[in-house]
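Here the structure is laid out as structure tokens; the discussion comes afterwards.
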Amino acid sequence: SELGVERRFVPESCPRAVRPGDFVRYHYLGAFPDGTRFDSSYDRGSTFNVFVGKGQLIAGMDQALVGMCVNERRLVKIPPELAYGSEGVPGVIPPNAVLHFDVLLIDLWNSEDEVQVQTYFRPDKCPRTVQVSDFVRYHYNGTFLDGTLFDSSHNRMRTYDTYVGIGWLIPGMDQGLLGMCVGEKRIITIPPFLAYGEDGDGKEIPGQASLVFDVVLLDLHNPKDGIAIENQLVPESCERRSQTGDFLRYHYNGTLLDGTLFDSSYSRNRTYDTYVGKGYVIAGMDEGLLGVCTGEKRRIIIPPHLGYGEEGRGKIPGSAVLVFDIHVVDFHNPSDSVGITVHYKPSNCTVLSKKGDYLKYHYNASLLDGTLLDSTHSLGKTYNIVLGSGQVVLGMDMGLQDMCVGERRTVVIPPHLGYGEHGVEGEVPGSAVLVFDIELLELVSGLPEGYMFVWNGEVSPNLFEEIDQNHDGEVLLEEFSEYIQTQVDTGKGKLAPGFDFEKIVKNMFTNQDRDGNGKVTAEEFKLKDQEAKEEHDEL
């Protein structure tokens with residue numbers, strides 16, 4: 001004669017219990033006391049959906065559902081006076097029947113409910129939160145209120161990408177995503193009238209279902225966004241900033257907004273080298289690399305419409321915001337010439353270096369970021385060259401011009417006057433600007449341009465006879481070499497400094513040996529002033 005309620009299972013967590021006026025979705029088995037089943041929602045494959053306390057149920061069930069939690073299971077015994085009474089239900093329930101119901105509550109909501117948001121992780125830094133019209137990328141697990149999974153972006157291994165607040169989402173999700181930070185994790189509980197309503201989605205989600213989304217926000221931008229620049233390190237001395245048309249060498253780490261690394265120049269142990277402002281890189285990077293100093297570190301945040309757009313590329317998903325932490329190693333412009341800064345010049349500076357002079361100097365060679373490449377000091381000996389003879393890179397030939405002995409200067413050489421795009425394997429990176437700190441220690445004046453040997457006094461009128469020691473009318477290389485050596489040793493003549501004696505003498509001899517037979521005759525032998533300008537360098 002009384003309503004009987006036995007709580008067969010009660011979940012540990014019960015944030016909410018059924019109250020009159022709530023809408024519930026539940027499964028049940030209906031049986032008589034002898035165990036004969038008369039009805040089952042399971043057989044129909046759908047829950048029983050109804051308001052509680054509004055007379056839509058038999059009185060005993062209206063009472064028995066009050067106080068239930070989602071996932072709670074109750075065994076309910078309802079006397080006839082709280083069920084179908086003395087009339088019963090013809091063909092189904094006899095008069096004065098006691099009814100037993102095994103009830104499992106699946107869902108519970110109220111028409112006054114709103115979207116519920118529970119944040120269970122929020123990053124310490126949250127520079128920006130989701131606003132209406134923002135575009136977001138997020139992962140989610142979608143479940144019903146009883147925990148049954150109906151959808152997951154994780155299973156598809158692809159984020160859900162959408163605008164917020166403009167009707168692309170169900171209203172409850174539009175509301176639930178507002179105010180989120182990148183990296184934040186929250187649970188969004190949505191009543192059906194803010195989700196898929198009475199009809200469901202026609203596939204996985206039944207009508208009148210509350211939805212629970214466990215969301216982690218990975219990315220956030222607005223179509224109106226430009227790039228954002230965060231300066232991390234700016235050198236105290238910044239004599240020059242990058243401009244359109246400059247060529248930059250820089251290192252970078254490229255991550256998504258949630259910190260996922262997608263690329264790094266450091267892992268390749270090689271800088272990224274490119275022109276700036278010329279369309280060689282994505283538009284956001286083209287803009288973000290302008291105005292940097294050598295040695296500067298900055299973070300460049302690039303929205304997808306200035307990055308790789310909706311399609312993405314490689315490890316970069318579509319519509320992804322990109323974060324580049326860059327370190328500028330050097331830059332130059334193709335129009336740059338050699339830069340010279342004089343640090344010390346002796347007061348007595350009358351003899352200046354020129355083409356053909358033999359120079360001895362010390363240097364420290366480094367990259368523009370200060371990385372040391374080479375140093376004559378560490379070798380304990382000077383570097384010796386003939387200026388303008390192609391023994392060093394063109395920029396060094398230019399940088400050593402017009403120096404005094406004892407002078408110290410810094411010479412900055414752009415790559416097109418240095419080692420070019422390819423550099424020197426294992427020593428000088430390609431497209432690198434070079435910095436040489438130089439001290440000139442010795443200068444031996446060279447000969448006039450085009451001369452290999454000059455006389456210090458009058459030239460003998462019988463020169464050929466003097467060289468032809470055996471007087472056979474022919475001069476061999478050995479005779480020629482011995483004669484030149486004697487003139488140099490006695491101070492009567494001077495060879496171009498800085499060259500190998502044997503090579504220069506052989507070159508002189510070959511120029512005199514006009515028929516190439518290994519001998520020089522009196523008819524072949526001529527002095528420099530007897531030669532036409534276009535002929536070879538001679539005596």
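The values are calculated or read from the model by the stated rules, or taken from the named source; none is laboratory data. A quick note: this is a predicted structure, and the numbers were derived from the prediction, not measured. As a convention, Cβ positions derive from the backbone with ideal geometry for all residues, glycine included, and neighbour counts pool all protein chains shown. We work out accessible area using only protein heavy atoms, side chains counted, and drop any ligands, DNA or RNA first. Shrake-Rupley method; radii C 1.70, N 1.55, O 1.52, S 1.80 Å.
Against the conditions (1) within 30 Å of Val70 (Cβ to Cβ); (2) in a strand (DSSP E or B), Ala209 satisfies every one except (2). Counting only strands (runs of 3 or more DSSP E) that sit wholly inside segment 416-534, those with at least 3 residues that are within 30 Å of Thr271 (Cβ to Cβ) are 434-444. Just to be sure before I move on: is Met180 under 32 Å from the mean Cα position of the chain (by Cα) and at pLDDT below 95 in the structure I sent? Judged against the criteria, Met180 is not a match. Of (1) in contact with a Ser or Thr (Cβ under 7 Å, 6 or more places away or on another chain); (2) buried (at least 20 other Cβ atoms within 10 Å of the Cβ), Ser242 satisfies all except one. Which? That leaves (1) as the condition not met. Looking only at segment 197-217, residues that are crowded, with 21+ Cβ neighbours inside 10 Å and over 38 Å from the mean Cα position of the chain (by Cα) come to 5 in all.
Restricting the first member to segment 519-533 and to residues that are more than 14 Å from Val459 (Cα to Cα) and in the same structural domain as Glu474 (by the TED database), and the second to residues that are small (Gly, Ala, Ser) and at pLDDT 75 or above, the beta-carbon pairs closer than 7 Å and six or more apart or on different chains are Thr521/Gly473; Ala522/Gly473.
Among the residues in segment 347-362, are any surrounded by 19 or more Cβ atoms within 10 Å (Cβ to Cβ) and among the hydrophobic types (A, V, I, L, M, F, W, C)? Before the answer, list the steps.
Step one: of segment 347-362, the residues surrounded by 19 or more Cβ atoms within 10 Å (Cβ to Cβ) are 353, 356-359, 361.
Keeping just the survivors that are among the hydrophobic types (A, V, I, L, M, F, W, C) gives 359.
Yes, segment 347-362 contains at least one residue that is surrounded by 19 or more Cβ atoms within 10 Å (Cβ to Cβ) and among the hydrophobic types (A, V, I, L, M, F, W, C).
Scan segment 349-372 for residues that are under 30 Å from His327 (Cα atoms) and either assigned to a strand (DSSP E or B) or over 37 Å from the mean Cα position of the chain (by Cα) (or both) and the total you get is 6. Looking only at residues in segment 366-398 that are among the small types (Gly, Ala, Ser), at negative phi and touching a helix residue (DSSP H, G or I) at 6+ places or on another chain (Cβ under 9 Å), the one that is modelled with the lowest pLDDT is Ser389.
Does Ser335 fit the bill of being surrounded by 17 or more Cβ atoms within 10 Å (Cβ to Cβ), among the polar types (S, T, N, Q) and over 16 Å from Val435 (Cα atoms)? Full working, then the answer.
Working: surrounded by 17 or more Cβ atoms within 10 Å (Cβ to Cβ): no; among the polar types (S, T, N, Q): yes; over 16 Å from Val435 (Cα atoms): yes.
Against the criterion (surrounded by 17 or more Cβ atoms within 10 Å (Cβ to Cβ), among the polar types (S, T, N, Q) and over 16 Å from Val435 (Cα atoms)), Ser335 does not qualify.
Scanning segment 248-295 for residues being assigned to a loop (DSSP other than H, G, I, E, B), free of Cβ contacts under 8 Å to residues at least 60 places away in the same chain and touching a Pro at 6+ places or on another chain (Cβ under 8 Å) gives a total of 1. On the stretch given as segment 376-387, residues that are outside any loop (DSSP other than H, G, I, E, B), of a type outside the set (S, T, N, Q) and either surrounded by 15 or more Cβ atoms within 10 Å (Cβ to Cβ) or not assigned by the TED database to the domain that holds Tyr419 (or both) total 3.
Against the criterion of being out of contact with any strand residue (DSSP E or B) (no Cβ under 6 Å at 6 or more places or on another chain) and farther than 19 Å from Tyr275 by Cβ, Met398 qualifies. Which of the residues that make up segment 296-325 are farther than 19 Å from Tyr163 by Cα, assigned to a loop (DSSP other than H, G, I, E, B) and open to solvent by less than 20 Å² (accessible area, probe 1.4 Å)? Once the filter is applied, which keeps residues that are farther than 19 Å from Tyr163 by Cα, assigned to a loop (DSSP other than H, G, I, E, B) and open to solvent by less than 20 Å² (accessible area, probe 1.4 Å), segment 296-325 yields only Glu296. If you take the residues in segment 25-58 that are in contact with a helix residue (DSSP H, G or I) (Cβ under 7 Å, 6 or more places away or on another chain) and of a type outside the set (A, V, I, L, M, F, W, C), which one is farthest from Val98 (Cα to Cα)? This residue is Thr47.
Quick grid of which residues meet (1) assigned to a strand (DSSP E or B); (2) among the acidic types (Asp, Glu):
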| site | (1), (2) |
| --- | --- |
| Ser335 | no, no |
| Val342 | yes, no |
| Ser347 | no, no |
| Asp374 | yes, yes |
| Ser389 | no, no |
| Val392 | no, no |
| Val405 | no, no |
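Six or more apart or on different chains, Cβ under 6 Å: which pairs go from a residue in segment 410-430 that's over 16 Å from Thr341 (Cβ atoms) to one that's among the acidic types (Asp, Glu) and open to solvent by 20 Å² or more (accessible area, probe 1.4 Å)? Could you list them? Note: pairs meeting the criteria are Gly430/Glu421.
Per-residue answers, yes or no, for (1) touching a strand residue (DSSP E or B) at 6+ places or on another chain (Cβ under 8 Å); (2) not assigned by the TED database to the domain that holds Leu440:
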site: Leu290; (1), (2): no, yes
site: Ile302; (1), (2): yes, yes
site: Ser319; (1), (2): yes, yes
site: Tyr344; (1), (2): yes, no
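Given segment 70-172, what strands (runs of 3 or more DSSP E) lie entirely inside it while holding 2 or more residues that are open to solvent by 40 Å² or more (accessible area, probe 1.4 Å)?
On the way: elements: 73-78, 99-109, 116-121, 135-144, 149-152, 160-163.
Here the list reads 73-78, 99-109, 116-121, 149-152, 160-163.
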